Amino acid sequence: MRNDLIRVLVVGVVLTAMVAFCSSSSQAQSSGETLFKTKCAACHGADGKGEVPMGKKLGARNLSSAEVQGQSDAQLTEVVTKGKNKMPAYDGKLTKEQIGELVAQIRELGKKH
C-alpha cells in the first residue's frame, strides 16, 4: 500500500513537471511572437518576409531567407541588439531574454519558408 502511494506521488510530480515545462516553452514562444508583432512586423511583416510598404521602403530583409537563417544565433542577436543599416538597435529597449525570444521567433519564421 505504501509503495502504491509512493508511485502515485512520483507520477504526480513527473506530470506536474512536464506540464510546467510545456507551458513555459509555449509562453516563451508566444512572448517571442508578441514581441515580433510589436517590434518587427511593421517593417518585416507578420511573416518576416519584408513585403509590406515600410519594409519595401527600407529594404527590410526577408527573415525566412536562407541568408538570414544561415546566420548564427549570436550574429542574429548582435543585429537585434546593435541594429544594422536602417534597423534600430534594441539594446536597452529589450532585455537579453527578450532579444533571445526574438531570435527564436526568427528561427520559427525560417521553418515556415
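Nothing in this text is a laboratory measurement; each read-out follows from the coordinates by a stated rule. Just so it is clear, the structure is predicted and the values come from calculations on it, not from any experiment. Using ideal geometry, Cβ is built from the backbone for each residue, glycine included, and neighbour counts are taken over all protein chains shown.
Pop the C-beta distance of E78 and A46 into the FRET formula with R0 = 22 Å and round what comes out to the nearest 0.05.
0.35
Quick one: of K37/K57; K57/K111; K56/K86; K57/K96; K49/K82; K82/K111, which pairs are farther than 23 Å apart, Cα to Cα?
The answer is K57/K111; K57/K96; K82/K111.
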